[in-house]
Amino acid sequence: MGQRRRGHAHVSKTPPSVYTDSSITLQHSDHEHSVKHRICMVSDFFYPNMGGVESHIYQLSQCLIENGHKVVIATHAYGDRKGIRYLTNGLKVYYLPLQVMYNQSTSTSCFHSLPLLRCVFVRERITIVHAHSSFSAMAHDALFHAKTMGLNTVFTDHSLFGFADLSSVLTNKLLTVSLCDTNHIVCVSYTSKENTVLRAALDPEIVSVIPNAVDPNDFTPDPCRRDNNKITVVVISRLVYRKGIDLLGGIIPELCARHPDLCFLIGGEGPKRIVLEEVREKYQLHDRVRLLGALDHKDVRDVLVQGHIFLNTSLTEAFCMAIVEGASCGLQPSVHSLCEGLESVIARIRSGNVESPYSIHRKVRTLYTWRNVAERTEKVYNRATREPVLMLSARLQRLQSHCGSVAGSIFSFIAVLNFLFLLFLQWLRPDHLMDIAVDASGPHSRFGQTIMKRSKTTKDPT
């Protein structure tokens, strides 16, 4: 009952390579391309909160809607932003009343979120649940519930983790439980793939690499805004520990002592701002280190074009979107190598051995596009829908064999409780009695039909 599959076109599991007739292969490929999915993106991190994960989810959703798929987003409520909101092109966002525990992440509990997420999945007739970010408890809950309901699941990991400290050990164990029976995993870089495969003990065959991208029209270079009498290093980040702000505070005095014409332009807000203020005060760098505070997304480009170098010191980011945005604005990137990396970039700038901002922008415009990301993600969805969703008995065996005797037993018990709770909810309010939501996106979108009617009316007033 809780494991049935709903409303999705079946795609043959036989790979095209076994056929000798090329026309059959082409028909199979065309059929895959024509399949339109109903996708629910789930994460604790979405607008009005600002960050790389939030931007990734929004941009990917918009491109998938352009390609004819139905996309809805489920996140937790942000202050007064509750209920259902509609964004560009009919993108529907559910702001669910879930309690935030820490750093915009909800408290993890499989049972308080099941009634809400089940309502979203059933009303929207979702066929694929796509969760984002290892830091998001809501994403892990959604994966767990979706498997209980018999839905295909995809997970995108945006971060890197260690293996030694306690928080990493606990997070890695949770990731192992969440991903052991997930249909497919996406990582944003090859380093992230290696990290995720090791942390969650995954088969590399079910992990794909799809990088982040940038809207090049929003981030264009403007060399006239630079002050070429000095070298400006731009840092745009949340000022928190995992963004490496302590490292940044350590290298600023050393680099400023070596290079009298070096300045820092730092945008962002957070609890680690006090570290940078103390460094600026201690070394009297008020005229060389500017703290801009929180920035609106529309103002980021105006800050980036003032710099020569973009610096990223994050400890956990697998593919920093701000680096791509900086490169699109013509800045020279410098990541992780800190002093040595900055020294080499500064030396190249002094010698004139660097590409022009417009040349860098053209490369980024070609390599990192959201439409390309959406096309590759569609292939992941097609592959995920060809794979079976494990029945409860198979899930329990997978948890026991993959997660260890202790964790496997605990989460097997939770999986059984989750399944029984789902049966109770289905008895209390059966699926067929729940109202089906009007499609705001996808092939049957009322939003799209309204636009088409208006355009026809405009073209033919009679």
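Annotations for the structure displayed:
- Residue among Leu175, Leu202 that alone is crowded, with 19+ Cβ neighbours inside 10 Å, assigned to a loop (DSSP other than H, G, I, E, B) and either out of contact with any Gly (no Cβ under 6 Å at 6 or more places or on another chain) or modelled with pLDDT of 95 or more (or both): Leu202
- Residues satisfying the stated conditions in the stretch 276-300, i.e. out of contact with any strand residue (DSSP E or B) (no Cβ under 9 Å at 6 or more places or on another chain), under 22 Å from Pro48 (Cβ atoms) and part of a loop (DSSP other than H, G, I, E, B): Asp296
- When we screen Ala213, Ala131 for residues that are at pLDDT 95 or above and under 21 Å from the mean Cα position of the chain (by Cα), the only hit is Ala131.
- Filtered residue count, the stretch 232-248, keeping only those that are over 15 Å from Asp302 (Cβ atoms) and open to solvent by 10 Å² or more (accessible area, probe 1.4 Å): 8
- Just one of the listed residues (Glu317, Glu325, Glu340, Glu378) is modelled with pLDDT of 95 or more and not assigned by the TED database to the domain that holds Gln62, namely Glu378.
- Test: residue in the stretch 212-222 that is open to solvent by 40 Å² or more (accessible area, probe 1.4 Å), more than 19 Å from Ser133 (Cβ to Cβ) and in contact with a Lys or Arg (Cβ under 8 Å, 6 or more places away or on another chain): yes
- Taking the listed residues Val345, Val303, Val324, the one that is touching a residue at least 24 places away in the same chain (Cβ under 8 Å), within 18 Å of Ile251 (Cβ to Cβ) and in a helix (DSSP H, G or I) is Val345, with no other qualifying.
- Inclusion of Cys110 among residues that are under 24 Å from Thr385 (Cβ atoms), among the hydrophobic types (A, V, I, L, M, F, W, C) and open to solvent by 10 Å² or more (accessible area, probe 1.4 Å) is not warranted.
- Elements of the type strands (runs of 3 or more DSSP E) sitting completely within the stretch 36-89 and holding at least 3 residues that are out of contact with any Ser or Thr (no Cβ under 7 Å at 6 or more places or on another chain) and open to solvent by 10 Å² or more (accessible area, probe 1.4 Å): these cover 83-87.
- Screening the stretch 346-375 for residues that are modelled with pLDDT of 90 or more and farther than 14 Å from Ala327 by Cβ and picking the one that is surrounded by the fewest Cβ atoms within 10 Å (Cβ to Cβ) gives Arg371.
The values are calculated or read from the model by the stated rules, or taken from the named source; none is laboratory data. No experiment lies behind these values; they were computed from the predicted model shown. Cβ atoms come from the backbone with ideal geometry, glycine included; neighbour counts cover every protein chain shown. In case anyone asks, the SASA skips ligands and DNA or RNA and just uses the protein heavy atoms, side chains included. Shrake-Rupley method; radii C 1.70, N 1.55, O 1.52, S 1.80 Å.
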